[in-house]
Amino acid sequence: MLPSPRLSNVYTFKDFEGSSHRILIDLIRRFSPRGGTLLDLGAAGGELGAALRDRFDRTIGFEYDADRVGDLRTRFDSVVIADLETVKSLPPNARAVVLADILEHLRDATMLLRCVLEALAPDGRVFISVPNIANFTVRLGLLFGVFEYRDRGILDYTHLRFFTMRTIRREIENAGFRIVAIRGSSVPARLIVGRWMPEFLLRIGERVLTWITRVWRSLFAYQIIVVAEPARQRMQ
């Protein structure tokens with residue numbers, strides 16, 4: 001789910017136990033009321049929008065890459081081609097806004113978050129995922145003096161910002177939101193060793209990683225997933 005063609009195009013929808021996309025879908029179904037409008041900012045292939053289309057009256061996918069329009073039109077009610085770095089306003093009264101793997105790619109994440117704040121309905125919520133730079137894999141690398149950018153993952157060479165549990169909370173709250181829930185996705189073992197490991201062992205490993213991540217999110221979360229609502233909503 002990428003906002004610019006300059007970014008790596010190796011990301012795919014991840015639908016397995018403990019994945020950030022599966023957690024996002026579960027949180028949207030849990031925390032977003034039925035009906036209204038869903039905005040997916042950085043829709044990529046549109047799989048998340050398709051999975052939630054039956055829950056909303058209208059779904060709108062935002063994407064930079066015009067080549068994706070054909071596929072996205074089959075998965076959203078409307079498609080907008082836009083550079084999220086320059087967006088000044090969004091369709092109003094959205095019940096849910098999704099920012100999956102987006103903020104780490106932006107020079108000014110706060111500006112987009114404030115646009116989202118203005119676009120949300122009174123009972124609307126934003127659903128955000130970002131990589132966790134404090135994940136144990138990065139810490140272990142630093143212990144041995146390794147900090148290498150890669151084509152994908154936490155150290156994707158297109159990432160302009162790095163977040164921990166604490167800093168993403170501060171970023172979101174400073175933009176005018178109140179945190180409703182935080183989850184952590186587990187390390188995507190399936191994508192790392194899937195071709196060499198039998199399926200039953202993968203499933204066991206994923207369950208173990210999911211449990212460990214729930215117990216110690218700040219260290220083991222691969223992606224940080226946040227649900228937030230306008231802070232003013234709490235005061236009303």
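At-a-glance table
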quantity: Long-range amide H partners of Tyr222 with built H, under 5 Å; calculated: Ser185, Ser186, Val187
quantity: Projected label distance in nm at Asp77 and Arg178, using a 7 Å step from Cα toward the beta-carbon; calculated: 2.9
quantity: Extension reserve of the Val208-Ser89 stretch, reckoned as 0.36 nm per residue once the Cα distance is removed; calculated: 38.6 nm
quantity: Chain lengthening between Trp216 and Phe144 when straightened (0.36 nm per residue, less Cα-Cα); calculated: 23.7 nm
quantity: Note, ³J(HN,Hα) from phi for region 149-165, Karplus 6.51, -1.76, 1.60, rounded to Hz, x at Gly and Pro; calculated: 6, 9, 6, 7, x, 4, 9, 3, 5, 8, 6, 9, 10, 10, 10, 10, 3
quantity: Amide H contacts under 5 Å for Arg152, placed H, 5+ residues apart; calculated: Tyr157
quantity: Built amide H within the under 5 Å cut-off of Ala82, gap 5+; calculated: Glu63, Tyr64
quantity: Most to least packed among 21-27, 155-161 [average Cβ atoms within 10 Å]; calculated: 21-27, 155-161
quantity: Length released on extending from Thr158 to Arg114, taking residue separation times 0.36 nm less the Cα-Cα span; calculated: 13.6 nm
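Read-outs: derived from the displayed coordinates by stated rules, not from any lab. Please read all numbers here as calculations on a predicted model, not as lab measurements. Quick reminder, even Gly has a Cβ in these numbers, built from the backbone with ideal geometry, and neighbours come from all protein chains shown.
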